[in-house]
Amino acid sequence: MELDIKAILDCLPHRYPMLLIDRVIDVKPGESIVALKNVSINEPFFNGHFPHYPVMPGVLILEALAQAAAIMSFMGEGAKPEDNMVYYFAGIDGARFRRPVVPGDQLRLEVKMGRAMRGVGKYHGKAYVGDSIAAEADLMCAMRKLEG
């Protein structure tokens, strides 16, 4: 199943400049997701990271993987942000950065579900540029209901 930007906005509470998913190519709720992030020189972080050689910060690549995981998990749970649910990082293990991500690159974000229990999910994510792995990590995220 594919998702366009409108469907992505329905699944995530993130908005510019923190929305890091442009399109979902394939999602199997509760199993796996493949999403895209088009990296543009217009991204606000490139002004300072680094002005002489713009590189996408690694933490934002991990954030993009987590957002992809959240879309997959929200779809699997049948929840949406307007249901007062959020998906928080709970842990990151084994993060590795293999190549810089620069303006003009397209990140292909592939996330697979490990296991889920009581609103906490474990995932393995890989971010590719072309056929090269740019980054990978094991992510742990927790779905929580907002108070109030």
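So, of the residues in the stretch 67-97 that are surrounded by 22 or more Cβ atoms within 10 Å (Cβ to Cβ), touching a Leu at 6+ places or on another chain (Cβ under 7 Å) and small (Gly, Ala, Ser), which turns out to be modelled with the lowest pLDDT?
Ala70
Can you spot a residue in the stretch 2-9 that is touching a strand residue (DSSP E or B) at 6+ places or on another chain (Cβ under 8 Å) and farther than 24 Å from Met85 by Cβ?
no
Please determine, by comparing only the residues of the stretch 113-147 that are of a type in the set (Lys, Arg) and touching a Lys or Arg at 6+ places or on another chain (Cβ under 9 Å), which one is nearest to Gly58 (Cα to Cα).
The selected residue is Lys126.
Given (1) farther than 23 Å from Val39 by Cα; (2) among the small types (Gly, Ala, Ser); (3) surrounded by 13 or more Cβ atoms within 10 Å (Cβ to Cβ); (4) under 16 Å from the mean Cα position of the chain (by Cα), where does Ala116 come up short, assuming only one miss?
Of the numbered conditions (1) farther than 23 Å from Val39 by Cα; (2) among the small types (Gly, Ala, Ser); (3) surrounded by 13 or more Cβ atoms within 10 Å (Cβ to Cβ); (4) under 16 Å from the mean Cα position of the chain (by Cα), the odd one out for Ala116 is (4).
Hey, does the stretch 131-139 have a residue that's in a loop (DSSP other than H, G, I, E, B), modelled with pLDDT of 95 or more and under 24 Å from Glu2 (Cβ atoms)? Write out each step before concluding.
Residues of the stretch 131-139 in a loop (DSSP other than H, G, I, E, B): 131.
The next check asks that each one be modelled with pLDDT of 95 or more; those that pass are 131.
Next, only the ones that are under 24 Å from Glu2 (Cβ atoms) stay: 131.
Yes, some residue in the stretch 131-139 is in a loop (DSSP other than H, G, I, E, B), modelled with pLDDT of 95 or more and under 24 Å from Glu2 (Cβ atoms).
From the residues in the stretch 13-35 that are β-branched (Val, Ile, Thr) and crowded, with 17+ Cβ neighbours inside 10 Å, which one is nearest to Leu3 (Cα to Cα)?
Only one residue fits best here, namely Val24.
Which one is nearest to the chain's Cα centre (by Cα), of the residues in the stretch 36-48 that are surrounded by 15 or more Cβ atoms within 10 Å (Cβ to Cβ), under 17 Å from Ala134 (Cα atoms) and not basic (Lys, Arg)?
Filtering first and then ranking leaves Leu36.
Just need a number here: residues in the stretch 12-35 that are of a type in the set (A, V, I, L, M, F, W, C) and over 12 Å from the mean Cα position of the chain (by Cα).
Residues meeting the conditions: 2.
The values are calculated or read from the model by the stated rules, or taken from the named source; none is laboratory data. These figures come from a predicted structure and were not determined experimentally. Cβ coordinates were reconstructed from backbone atoms using ideal geometry, including for glycine residues, and neighbour counts include every protein chain displayed.
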